[in-house]
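The next block holds one structure in the form of structure tokens; read it before the comments.
Every number here is computed from the coordinates shown, using simple stated rules; none is lab data. Computed from a predicted structure; not experimentally measured. Here the Cβ positions follow ideal geometry from the backbone for every residue, glycine too, while neighbour counts run over all protein chains shown.
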Ligand SMILES: [Zn+2]
Ligand SMILES: [Zn+2]
């Protein structure tokens, strides 16, 4: 998927197609392996948590051209990932708490 395609998905509200795409699925597995399946934020804080999501350090919506850049990706646990996306947390709290377990952002 190109940056332009990703932008289009964002603007049409169908970004889950990016996350469901095989290229992303394979890459996110690779990143978790690279990070030893460990949350990198917890690690920096001297703690250990299992990685559950792969996060775009430069946000996908702002930098879709970095979507597949390994340096722009890091493995996070769900609670650290939520800290990185406070605005989404608010939204999801209201309607779909189970969403938090999926790799959607
Ligand atoms: Zn963490
Ligand atoms: Zn993220």
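Okay, here's what the table says:
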| item | result |
| --- | --- |
| Matching residues in the stretch 56-82 - criterion: being in a helix (DSSP H, G or I), under 13 Å from residue 40 (Cβ atoms) and free of Cβ contacts under 8 Å to residues at least 24 places away in the same chain | 71, 72 |
| So residue 13, is it exposed (fewer than 14 other Cβ atoms within 10 Å of the Cβ) and within 16 Å of ligand 1 (Cβ to nearest atom) | no |
| Residues satisfying the stated conditions in the stretch 45-55, i.e. outside any strand (DSSP E or B) and more than 21 Å from residue 21 (Cα to Cα) | 45, 46, 47, 48, 49 |
| Scope the stretch 1-35; condition touching a helix residue (DSSP H, G or I) at 6+ places or on another chain (Cβ under 9 Å), more than 16 Å from residue 53 (Cα to Cα) and in a helix (DSSP H, G or I); matching residues | 3, 4, 5, 6, 7, 9, 10, 17 |
| Residue tally, condition closer than 20 Å to residue 87 by Cβ and either crowded, with 17+ Cβ neighbours inside 10 Å or near ligand 1 (Cβ under 8 Å from one of its atoms) (or both), over the stretch 45-65 | 7 |
| Scope the stretch 23-56; condition under 21 Å from residue 4 (Cβ atoms) and within 12 Å of ligand 2 (Cβ to nearest atom); matching residues | 56 |
| Some residue of the stretch 36-44 being surrounded by 13 or more Cβ atoms within 10 Å (Cβ to Cβ), part of a helix (DSSP H, G or I) and in contact with a helix residue (DSSP H, G or I) (Cβ under 7 Å, 6 or more places away or on another chain) | yes |
